[in-house]
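Okay, so here's the structure we're looking at.
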Amino acid sequence: MNSNARYILDEDHIPKFWYNIVADLPVPPPPVLHPGTLQPLGPDDLAPLFPMALILQEVTAERHVEIPQPVRDVYRQWRPSPLHRARRLEQVLDTPAKIYYKYEGVSPAGSHKPNTAVAQAFYNKEAGIWRIATETGAGQWGSSLAFAGALFGIHVDVFMVRCSYEQKPYRRALMELYGARCVASPSPETEAGRAILAKHPDHPGSLGIAISEAVEVAAKRDDTKYSLGSVLNHVLLHQTVIGQEAMRQFEMAGDYPDIIIGCAGGGSNFAGISFPFLGAQLRGGQRARIIAVEPAACPSLTRGDYAYDFGDTAHLTPLVKMHTLGSSFTPPGFHAGGLRYHGMAPLVSHLKHLGLIEARAVTQLRCFEAGVQFARTEGIVPAPESTHAITVAIEEALRAREEGRSRTILFNLSGHGHFDMQAYTDYFAGKLEDQHYDEADLAEALAALPAVPAA
């Protein structure tokens, strides 16, 4: 095993440490700011929302963070996840490229989300917390935290974006099966939800609104903490088990990716697959192109401003510097609900700002076309979110064919689409269409970004 990877795995090939890319960045990321004072936040400012162990992970600059043994014991149920070569897809595309995918749909909840849900539930349990409030878009995160809560004896309240709540009833049922309570957001249960409903009774919801509701509940109850499934540093940290395993698997295969691709909504699965490879590159290792793929209807990396903004609609969260469409922006109701967030993770945004990663936006119909082609060649039904990564992997494979040059392509297949069959049914029936955001609404949202003096 090479020097960049030797610390990663034990004899079971399960990571012993999470990898923190902050340690290898050429420029440190901008600080998180208090929305009132505009001064950098300290750990105590986050204590009402998170247990201290997670707060310390949020701010650490240490390269390696040890994974607690109880978390690794749960990981063993599905980790290491498989790395497959998509040979049948390669044949259909008639490409000289080699296409690999890391398949995270083998987890109990069917996505990459349990990698952090289990860790967050463990640290809350250690802190004596028995209740967690959270939000979810398409439901992968809500079902994952519900699963983790069941393992550690924690009750989970999930505010699910209303359009996904209605589109994906089986995700809702899975959360309830694990013992969680699932509420359509905006809801009448919070001040933030009631304010939205008073103006727009049929509001489709957004992750920003659902975050506001969950944060409000956590802030008002001493027995409750808040948990987020993407965006935050500690969440991206936990997901690096994906890329670390992939590095070892590529070493076993005698190969290495030239291109690494992940879909990106909040940024967690993209960070999970790419950060360990990028960290090795920053330390002098082999280079690769790294591409974040987002929906054209919610294009924070390719269309948003890189600016300080709130993570939620009701402005209950701290200010973070990220690529954002504005906290009041409501994306159209496309089916990849896990990618309907107005902002991108601060660390992913920082890497884009530094020119270390690329970003590409793709449309809904194009993604479903790629998802169907993948399912008919590789046999796995991908989640709508994951089809964004598949789309660009296919594009890069076809480009390799046009150029007559071999490429090794890796993408993260972040979850299966077994709970998204209605979306595929609608696609075959011609009921799906490409969604487009309103330029005037976007301009209004960006105009309302908070005024933060330049450092």
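The values are calculated or read from the model by the stated rules, or taken from the named source; none is laboratory data. Because the structure is predicted, anything quoted here is derived from the model rather than measured. Cβ sites come from the backbone with ideal geometry, for glycine too, and all protein chains shown count toward neighbours.
General remarks:
- Taking first residues from the stretch 29-50 that are closer than 19 Å to SER327 by Cα and partners that are exposed (fewer than 15 other Cβ atoms within 10 Å of the Cβ), the Cβ contacts under 6 Å between residues at least 6 apart in sequence or on separate chains come to PRO31/PRO40.
- The set of residues in the stretch 115-172 being among the aliphatic types (A, V, I, L, M), without any contact (Cβ under 8 Å) to a residue 60 or more places away in the chain and closer than 14 Å to SER185 by Cβ consists of VAL158, MET160.
- Scan of the stretch 187-226 for residues that are at negative phi, out of contact with any Leu (no Cβ under 6 Å at 6 or more places or on another chain) and small (Gly, Ala, Ser), ordered by number: SER187, ALA192, GLY193, ALA195, ALA198, SER206, GLY208, ALA210, ALA214, ALA219
- In the set (1) in contact (Cβ under 8 Å) with a residue 60 or more places away in the chain; (2) part of a helix (DSSP H, G or I), SER230 fails one condition alone, (2).
- When the stretch 160-212 is limited to residues that are within 20 Å of the chain's Cα centre (by Cα) and of a type in the set (A, V, I, L, M), the one that is surrounded by the fewest Cβ atoms within 10 Å (Cβ to Cβ) turns out to be LEU174.
- If the condition is being of a type in the set (Gly, Ala, Ser) and touching a Phe, Trp or Tyr at 6+ places or on another chain (Cβ under 7 Å), then the stretch 329-379 contributes only SER349.
- Qualifying positions in the stretch 345-377 - among the charged types (D, E, K, R) and under 30 Å from PRO30 (Cβ atoms): LYS352, GLU358, ARG360
- Any hit, the stretch 397-419, residues being touching a residue at least 12 places away in the same chain (Cβ under 8 Å), part of a helix (DSSP H, G or I), among the aliphatic types (A, V, I, L, M) and within 17 Å of PRO169 (Cβ to Cβ): no
- Leading residue by the ranking (surrounded by the most Cβ atoms within 10 Å (Cβ to Cβ)) among those in the stretch 287-319 that are among the β-branched types (Val, Ile, Thr) and at pLDDT below 95: THR313
- Taking the stretch 38-118 as the region of interest, the strands (runs of 3 or more DSSP E) fully inside it that hold 3 or more residues being surrounded by fewer than 22 Cβ atoms within 10 Å (Cβ to Cβ) and touching a Phe, Trp or Tyr at 6+ places or on another chain (Cβ under 9 Å) are 64-66, 83-85.
- Considering the stretch 168-197, the residues that are touching a helix residue (DSSP H, G or I) at 6+ places or on another chain (Cβ under 7 Å) and assigned to a helix (DSSP H, G or I) include one that is farthest from TYR341 (Cα to Cα), namely LEU174.
- Selection within the stretch 361-391: residues that are assigned to a loop (DSSP other than H, G, I, E, B) and touching a residue at least 40 places away in the same chain (Cβ under 8 Å). The member of this set that is farthest from LEU410 (Cα to Cα) is THR363.
- Residue check, LEU410 surrounded by 12 or more Cβ atoms within 10 Å (Cβ to Cβ) and either in contact with a strand residue (DSSP E or B) (Cβ under 8 Å, 6 or more places away or on another chain) or aromatic (Phe, Trp, Tyr) (or both): yes
- Scope the stretch 121-148; condition among the acidic types (Asp, Glu) and part of a helix (DSSP H, G or I); matching residues: GLU126
- Selection within the stretch 320-342 - surrounded by 22 or more Cβ atoms within 10 Å (Cβ to Cβ), touching a strand residue (DSSP E or B) at 6+ places or on another chain (Cβ under 6 Å) and at pLDDT 95 or above: MET322, HIS323, THR324
- The criterion of being in contact (Cβ under 8 Å) with a residue 60 or more places away in the chain and more than 17 Å from the chain's Cα centre (by Cα) holds for THR330.
- Qualifying residues in the stretch 226-258 (those that are of a type in the set (Asp, Glu) and in contact with a strand residue (DSSP E or B) (Cβ under 8 Å, 6 or more places away or on another chain)) - the one nearest to ILE55 (Cα to Cα): GLU245
- Of all the residues in the stretch 157-167, those that are of a type in the set (Asp, Glu) and assigned to a strand (DSSP E or B) number 1.
- Test result for SER143, under 19 Å from GLY415 (Cβ atoms) and at pLDDT below 95: no
- Of the helices (runs of 4 or more DSSP H) lying entirely inside the stretch 241-332, those containing at least 2 residues that are out of contact with any helix residue (DSSP H, G or I) (no Cβ under 7 Å at 6 or more places or on another chain) and of a type in the set (A, V, I, L, M) span 241-253.
- Boolean, GLY371 is at pLDDT below 95, surrounded by 24 or more Cβ atoms within 10 Å (Cβ to Cβ) and small (Gly, Ala, Ser): no
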